[in-house]
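Below is one structure; the comments refer to it alone.
The values are calculated or read from the model by the stated rules, or taken from the named source; none is laboratory data. Predicted model only: the values in this text are computed from it and were never measured. Cβ coordinates were reconstructed from backbone atoms using ideal geometry, including for glycine residues, and neighbour counts include every protein chain displayed.
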Amino acid sequence: MFDKAKNIKKLEDKVWLSSPTMHGDELKYMTEAYETNWMSTVGENINKVEEEVAKIAGCDYAVGLASGTSTLHLAIKLAGVKRGERVFCSSMTFSASANPICYEGAIPVFIDSEYETWNMDPKALEKAFEIYPETKYVMLVHLYGTPAKMDEIVEICNKNNAILIEDAAESFGATYKGKQTGTFGSYNAISFNGNKIITGSAGGMLLTNSKEAADKARKWSTQSRENAPWYQHEEVGYNYRMSNVIAGVVRGQLPYLYDHINQKKEIYNRYKEGLKDLPIKMNPFDEDIMEPNYWLSCMIIDEEAMSKEVRDDLDYLYRPEKGKTSPHEILDTLASINAEGRPIWKPMHKQPIFRNHDFINRYGKANALTNAYIEGGLVDERDKMPEDICSDIFKRGLCLPSDNKMTEEEQEIIIEAIRACFE
């Protein structure tokens with residue numbers, strides 16, 4: 001299976017997609033929580049992390065929560081989303097963007113991507129509002145640390161009196177026209193999951209300029225306890241507050257945010273240079289107005305350089321071809337030399353749980369069943385269906401090893417292995 005890379009040196013130590021990079025300060029603050037016995041959901045670490053994240057992001061309030069997903073859930077509640085209402089949501093994302101919509105009994109409507117940033121297509125969002133003008137909520141994702149086209153997205157939301165929620169789980173530290181992602185919407189989320197640019201091993205943060213929203217999130221996240229001598233509850237609450245121990249890890253990580261971003265940027269640029277003469281493109285952005293955090297370096301294979309590859313819901317099959325390759329041939333080759341890559345996020349409208357939900361591209365509402373026929377080769381896409389961009393990116397793209405502990409020598413071996421796949 002790996003004949004193209006049979007002469008490539010195997011890496012001695014595994015190179016991960018994106019693993020935590022620890023510095024030692026994390027242990028100091030965790031130990032401080034232990035020694036002072038503040039091991040629960042209150043303590044100095046939480047206070048300091050909330051202050052520092054708000055300062056970095058440039059927002060008024062930050063609320064430490066248990067995960068990025070729980071943060072998005074509270075953002076949905078703060079926006080006022082009700083059962084049966086529609087929420088426009090990026091289709092190309094991890095399921096944590098869509099699941100909290102369902103927690104509240106609302107209906108995600110999935111929006112296509114554009115090729116310039118791989119994020120939500122403003123033209124598709126405009127079309128969605130034409131189809132469902134009563135919709136008042138937009139869940140926007142900044143994919144792989146790259147900002148979306150925020151001027152256009154914000155303008156469309158304002159024109160339609162819609163509340164914008166930013167899923168900035170992957171993009172902490174990224175900026176659009178000098179402004180941090182996670183500060184354009186009313187209620188926004190970042191993540192400190194183990195693979196993120198800054199980690200707490202877990203944890204998330206709600207970003208907002210509303211004191212009322214921040215106070216409400218803190219109350220909801222601690223089981224909605226009222227200010228009474230006993231446990232008094234007047235509304236549904238959640239066990240969503242960040243622990244002081246996890247906050248200690250985040251507190252120790254935060255001073256290294258821009259070191260991590262710079263390391264990730266160097267990785268991206270080395271891939272871009274090392275692969276520049278191949279029929280591929282790196283995950284794109286507008287260099288004049290966007291500064292990603294480069295969380296994951298990704299690539300997409302030019303259509304004419306794609307070998308045959310098919311996928312069902314659980315497996316894949318490809319045919320090696322001279323001068324061509326496919327995402328899974330590259331991923332299998334990387335695995336064979338001890339490096340971890342990953343497919344691009346499978347679009348939500350292609351997930352079994354969401355296949356009956358609406359998917360809207362810049363031309364209008366696309367039919368999921370028609371998509372299935374197209375993928376099976378039973379109909380001609382050009383005759384029956386306008387372009388589904390996020391599915392095309394999923395088909396031809398992959399995430400490359402992007403661990404900021406990867407050495408230049410290790411990355412050169414990885415680049416050599418990728419190049420061999422095109423031979």
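Worth pointing out:
- Looking across Leu278, Leu296, one residue alone is assigned by TED's automatic domain parsing to the domain that holds Met348, more than 25 Å from the chain's Cα centre (by Cα) and under 26 Å from Lys405 (Cα atoms). It is Leu278.
- Of the criteria (1) within 23 Å of Ser402 (Cα to Cα); (2) modelled with pLDDT of 95 or more; (3) among the β-branched types (Val, Ile, Thr), which one Ile8 fails: (2)
- Scanning segment 221-256 for residues that are buried (at least 23 other Cβ atoms within 10 Å of the Cβ) and aromatic (Phe, Trp, Tyr) yields a single hit, Tyr240.
- Residue within segment 355-376 that is part of a helix (DSSP H, G or I), more than 30 Å from Leu11 (Cα to Cα) and at pLDDT 85 or above present: no
- Positions within segment 108-146 being of a type in the set (A, V, I, L, M) and surrounded by fewer than 21 Cβ atoms within 10 Å (Cβ to Cβ), in sequence order: Ile131
- Single residue of segment 140-188 satisfying the filter (acidic (Asp, Glu) and more than 13 Å from the chain's Cα centre (by Cα)) that is nearest to Phe394 (Cα to Cα): Glu152
- Which listed residue is under 30 Å from Gln180 (Cβ atoms), among the aromatic types (Phe, Trp, Tyr) and assigned to a helix (DSSP H, G or I), from Tyr256, Tyr294: Tyr256
- Among the residues listed as Ser224, Ser210, Ser243, the single one being hydroxyl-bearing (Ser, Thr, Tyr) and within 24 Å of the chain's Cα centre (by Cα): Ser243
- The strands (runs of 3 or more DSSP E) located wholly in segment 107-194 include none with 3 or more residues which are more than 21 Å from Thr208 (Cα to Cα) and out of contact with any His (no Cβ under 9 Å at 6 or more places or on another chain).
- Among residues of segment 303-320, those that are within 15 Å of Ala420 (Cβ to Cβ) and either modelled with pLDDT of 95 or more or in the same structural domain as Ala96 (by TED's automatic domain parsing) (or both), counted: 2
- Test: residue in segment 86-106 that is touching a His at 6+ places or on another chain (Cβ under 7 Å), more than 17 Å from Trp345 (Cβ to Cβ), in the same structural domain as Ala247 (by TED's automatic domain parsing) and in a strand (DSSP E or B): no
- Figure legend. Inter-residue proximity from segment 256-268: first residues within 21 Å of Ile414 (Cβ to Cβ), second residues among the polar types (S, T, N, Q), beta-carbon distance below 6 Å, spacing 6+ or different chains. Indicated pairs: His260/Asn404; Ile261/Asn293; Gln263/Asn404; Lys264/Asn404; Ile267/Ser297; Ile267/Ser402; Tyr268/Ser297.
- Residues of segment 275-282 include none that is in contact (Cβ under 8 Å) with a residue 24 or more places away in the chain, closer than 19 Å to Lys55 by Cα and not acidic (Asp, Glu).
- Pick from segment 163-179, criterion surrounded by fewer than 23 Cβ atoms within 10 Å (Cβ to Cβ) and either small (Gly, Ala, Ser) or in contact with a helix residue (DSSP H, G or I) (Cβ under 7 Å, 6 or more places away or on another chain) (or both), ranking: nearest to Leu254 (Cα to Cα): Gly178
- Residues located in segment 263-278, provided they are surrounded by 16 or more Cβ atoms within 10 Å (Cβ to Cβ) and assigned to a loop (DSSP other than H, G, I, E, B): Leu275, Leu278
- Test: Val87 is crowded, with 22+ Cβ neighbours inside 10 Å and either modelled with pLDDT under 95 or among the hydrophobic types (A, V, I, L, M, F, W, C) (or both): yes
- The residues of segment 15-46 that are in contact with a strand residue (DSSP E or B) (Cβ under 8 Å, 6 or more places away or on another chain) and either part of a helix (DSSP H, G or I) or over 25 Å from Val250 (Cα atoms) (or both) amount to a single one, Ile46.
- Residues being surrounded by fewer than 24 Cβ atoms within 10 Å (Cβ to Cβ) and either among the aliphatic types (A, V, I, L, M) or closer than 15 Å to Arg355 by Cα (or both) - total across segment 95-107: 6
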